[in-house]
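These notes are about the structure you will find just below.
The values are calculated or read from the model by the stated rules, or taken from the named source; none is laboratory data. Everything quoted here is computed from the prediction, not taken from an experiment. In this analysis, Cβ positions are derived from the backbone assuming ideal geometry, glycine residues included, and neighbour counts consider all displayed protein chains. Note: areas computed on protein heavy atoms with side chains; ligands, DNA, RNA excluded. Shrake-Rupley method; radii C 1.70, N 1.55, O 1.52, S 1.80 Å.
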Amino acid sequence: MRNLRYLFFPAILLVLASMAGAETISGKVVSIADGDTITVLLDETQIKVRFHGIDCPESKQDFGTAAKNFTAEQCFEQVVTVVVTDTDRYGRKVGLVILDDGRVLNHELVAAGLAHWYRDYAPHDDTLKTLEAEAKAAKRGVWSRPDVVLPQDFRQGKGKKGTAPYNPPETRAPVDMTHPTGDSQEVSGTVYITKSGTKYHRKGCRFLKNSSSAIALEKAKSAYQPCGVCNP
């Protein structure tokens, strides 16, 4: 049932938004501030967008860097559609960010355990409620830790500082980006990475982009984190 919701919800959302005269933005993502804030280029104008209904860990919290990198992997330099729901006090557009394949990035972050359902701003969102419950039950992302601190509490000085569970891109060790050919790509010791990604993937992973390169598993482990979807 969840797959059907993912398939049809974005299309229905866009139709309803159009009928209601809601504002939509379609443009290339040119900057990632953090897991739930991006900048979209629209007609040479940069528009800051805050994701509706979710709250990602702050940069100094555990999984803060992971959330930012996840968002970058999904949408950086890609065209997205934003269904605007509000404008916040900082002048940022608030909305649902729909990827080119129809997935809602707000939902993907919560499903991966890299964002919390922001009840204060989306109290009746059953989709976010369900996705957070599933991520919590599976102990994904932030829910893998026993001492979860909500980002809003962290911003108010509650809870201890933490660090994201893997190195930022600038501290990675050099890796061999050569793309092997033939049957060598099929061996179990081969995984795949992308140019701007931070994780290694198994062949066929839904998060693996077309512009991927094969790399030996042992080398990948020294510089990347395993994708939680294809490396459970």
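Taken over the stretch 77-109, the criterion of being open to solvent by 60 Å² or more (accessible area, probe 1.4 Å) and outside any strand (DSSP E or B) is satisfied by E77, Q78, R89, Y90, D100, D101. Do we have S59 as in contact with a Ser or Thr (Cβ under 9 Å, 6 or more places away or on another chain), of a type outside the set (D, E) and modelled with pLDDT under 95 here? So S59 fits the description; yes. Collect the residues in the stretch 33-84 that are among the polar types (S, T, N, Q) and under 21 Å from D101 (Cα atoms), keeping them in residue-number order. Correct list: T37, T39, N69, T71, Q74, Q78, T81.
In the set I25, I47, only one residue is at pLDDT 95 or above, out of contact with any helix residue (DSSP H, G or I) (no Cβ under 9 Å at 6 or more places or on another chain), open to solvent by less than 40 Å² (accessible area, probe 1.4 Å) and more than 30 Å from K158 (Cα to Cα); that residue is I47.
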